[in-house]
1. Kindly indicate which of Gly10, Gly25 is in a loop (DSSP other than H, G, I, E, B) and at pLDDT 85 or above.
2. Report the residue count in segment 1-37 for those that are free of Cβ contacts under 8 Å to residues at least 40 places away in the same chain, in contact with a strand residue (DSSP E or B) (Cβ under 6 Å, 6 or more places away or on another chain), among the hydrophobic types (A, V, I, L, M, F, W, C) and closer than 17 Å to Leu61 by Cα.
3. Residue by residue through segment 29-61, note down the ones that are of a type in the set (Ser, Thr, Tyr) and surrounded by fewer than 11 Cβ atoms within 10 Å (Cβ to Cβ).
Amino acid sequence: MSGVPEIREGSKCRVRTTDGKETEGDFIGYTMMGSENALAIQTEDGVARFLIMANISYLDLMDQAPEGEDKDVFSRRADIYYG
């Protein structure tokens with residue numbers, strides 16, 4: 001693997017938050033919770049868990065999802081609005 005890996009939708013991740021709790025599941029995207037950026041993970045129980053980015057200690061990328069057809073990062077629609 002060369003360069004910095006990209007967390008793609010469907011990638012298996014383990015996330016540890018600053019309070020010491022771990023969440024494991026499939027990455028489903030980025031979103032907002034109020035004015036905070038959040039990482040969305042779907043757990044094995046089918047629960048969508050939203051983790052505030054500022055509260056994440058680390059993320060283990062355990063299994064990278066295959067690269068989709070859209071390889072041009074700049075042509076993707078921005079899902080997070082800053083304003």
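1. From the options Gly10, Gly25, the qualifying one is Gly10.
2. Selection size over segment 1-37: 2.
3. Of everything in segment 29-61, those that are of a type in the set (Ser, Thr, Tyr) and surrounded by fewer than 11 Cβ atoms within 10 Å (Cβ to Cβ) turn out to be Ser35, Tyr58.
The values are calculated or read from the model by the stated rules, or taken from the named source; none is laboratory data. All of these numbers come straight from a predicted model, not from anything done at the bench. FYI the Cβ positions are ideal-geometry reconstructions off the backbone, even for glycines, and counts take in every protein chain you see.
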